[in-house]
Amino acid sequence: MRILITGSTGFLGSNLTGYFSKKGHDVTGSSRREMTFDFENHVGDLRDREFTDKLVSSVSPDIIINTVSLANVDECEKDPEYASGVVVDTAENIASSAEKYGSRLVYISTDHLYDGSRSWYGEDDPVNPINEYGRLKKVAEDVTLSASPKSMIVRTNFFGWSPSWHATTFGEWLYENLKEHNEMNLFTDYYYTPIEVGHLAGIIEEIINTPFSGKINIAGADRCSKYDFGMKMAELGNLDSSCIHPSTLSKSGLRSKRPGDLSLSTEKLKTVLNINPPGLEDCIRGFLEGAQGRQDS
Ligand SMILES: NC(=O)c1ccc[n+]([C@@H]2O[C@H](COP(=O)([O-])OP(=O)(O)OC[C@H]3O[C@@H](n4cnc5c(N)ncnc54)[C@H](OP(=O)(O)O)[C@@H]3O)[C@@H](O)[C@H]2O)c1
């Protein structure tokens, strides 16, 4: 398959280009930053309709996986107008061009769409985002489906290893602090269903080999708090859990509002697509193998 991955320099985008290239697909990337890759990468701003249209028409991909976003919750709160351009305008341009040139589109969304007042959100549950990031991602989902109705919308929350040029992500920060025995506070009242990025890529690949379209949660099978996640990583990695201290989101004073429970139900994944999501232990083991691979290389 010819696959265009928009956001190729990003955390998820770089993992997906690596995964799909290794699987023998014909991968092309696109980013705003100029970078050298071992695949073709187009540089430009996807808020620009003309650039987007030229990109999609020249690459002519079977599949586009759109990972472009401003994924930082506080940045979205600080400058909603800029965030809207990056999150919504890019999504609309990519979906319009995908529809025009007959490419199937996968839009990467988030679990930040809910208010966190309950657990295990399904794809058809009403959304009620409580921060700007969540609101913009919902609008981006809507414009994607409106411009390209057969798109697949992936709601997820992932962890893994990011490329060397990328800011440290939560899983990496946690692992490094555990290794260094640094004291950390982790929330006991912030729940989610994280999936390791390699498992996420594998499930996306399985689904694009089916005719599925519409919304799908791709998440880990287990709901955990950030504190549980940290303790599990310490246990499985034989790392020092005594440096992890319980703390609460409600007393954290974070700039943007965070919902306390963003756990996603994977019932649809299991029943409609016959795919069993990995549990937390499998996901963390996958992450730890990645750490070992990095030390060996
Ligand atoms: N990270 C998480 O834990 C998480 C959780 C749930 C969902 N998600 C979703 O997953 C997706 C990927 O997140 P991520 O963490 O991989 O994001 P990221 O690392 O911040 O990557 C974002 C990518 O978008 C590109 N980009 C931004 N603005 C652009 C523009 N105007 N034109 C062209 N490219 C542009 C960036 O390119 P440059 O580097 O060249 O600017 C970068 O490659 C997002 O949709 C996010 O909402 C993330």
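What follows draws every value from the coordinates through simple rules; no lab data is involved. Please read all numbers here as calculations on a predicted model, not as lab measurements. Cβ coordinates were reconstructed from backbone atoms using ideal geometry, including for glycine residues, and neighbour counts include every protein chain displayed.
The table below lists the values:
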item: Label-point separation in nm, residue 210 to residue 254, each point 7 Å along Cα→Cβ; result: 3.2 nm
item: Modelled label reach - residue 127, point 7 Å along Cα→Cβ, segment 204-219 residues with backbone N closer than 15 Å; result: 214-218
item: As computed over segment 140-297, the Cα convex hull volume per residue (Å³); result: 141 Å³
item: Principal-axis tilt of helix 11-22 within the chain, Cα atoms, nearest 10 degrees; result: 70 degrees
item: Cα gyration tensor category, rounded, prolate or oblate, for segment 54-97 with a/c compared to 1.5; result: prolate
item: Gap separating the Cα centres of segment 241-273 and segment 19-46, nearest whole Å; result: 31 Å
item: Per-residue [θ]222 nm for the chain (sum of -39500 (n - 2.57) over DSSP H runs n ≥ 4, rounded to 500); result: -12000 deg cm²/dmol
item: Burial order of peptide ranges 190-198, 151-159, 51-59 (average beta-carbon count within 10 Å, highest first); result: 190-198, 151-159, 51-59
item: Extension reserve of the residue 77-residue 54 stretch, reckoned as 0.36 nm per residue once the Cα distance is removed; result: 5.1 nm
item: DSSP-defined antiparallel bridges as percent of all bridges, segment 145-297, nearest 5; result: 15 percent
item: Whichever lysines have a C-alpha closer than 24 Å to that of residue 251, once near sequence neighbours (fewer than 8 apart) are set aside; result: 78, 226, 232
item: For the chain, convex hull volume per residue from C-alpha positions, Å³; result: 123 Å³
item: Residue 153 long-range amide H proximity, modeled H, under 5 Å; result: 107, 214, 215, 216
item: Nonlocal amide H pairs with residue 5, under 5 Å, H built at 1.01 Å; result: 28, 29, 30, 65
item: HN-Hα J in Hz across segment 115-121 - Karplus 6.51, -1.76, 1.60, θ = phi - 60°, x for Gly and Pro; result: 8, x, 7, 8, 10, 6, 6
item: Helix 197-208 axis, angle to the chain major axis (alpha carbon atoms, nearest 10°); result: 40 degrees
item: Cα-based equivalent ellipsoid, segment 10-132: semi-axes from gyration tensor eigenvalues, Å; result: 27, 17, 15
item: Per residue Cα convex hull volume in Å³ - calculated over segment 75-175; result: 138 Å³
item: Nearest-20 debye value, segment 1-130 charge dipole, Cβ charges on Lys, Arg, Asp, Glu; result: 520 debye
item: Cα-based shape type of segment 212-297, given that a ≥ b ≥ c are square roots of the gyration tensor eigenvalues and the cut on a/c is 1.5; result: oblate
item: Helix 280-296 vs. the chain, principal-axis angle (Cα, 0 to 90°, nearest 10); result: 80 degrees
item: For segment 1-78: span of alpha carbons on each principal axis (Å, largest first); result: 40, 27, 22
item: Packing-based ranking, highest mean first, of 5-11, 117-123, 203-209 given that Cβ atoms within 10 Å are counted; result: 5-11, 203-209, 117-123
item: Charge dipole magnitude, Cβ of K and R +1, D and E -1 - the chain, Cα centre, debye nearest 20; result: 360 debye
item: DSSP-defined beta bridges in the chain - what % are antiparallel, rounded to 5; result: 5 percent
item: Neighbourhood net charge (15 Å Cβ-Cβ; Lys/Arg +1, Asp/Glu -1) for residue 136; result: -4
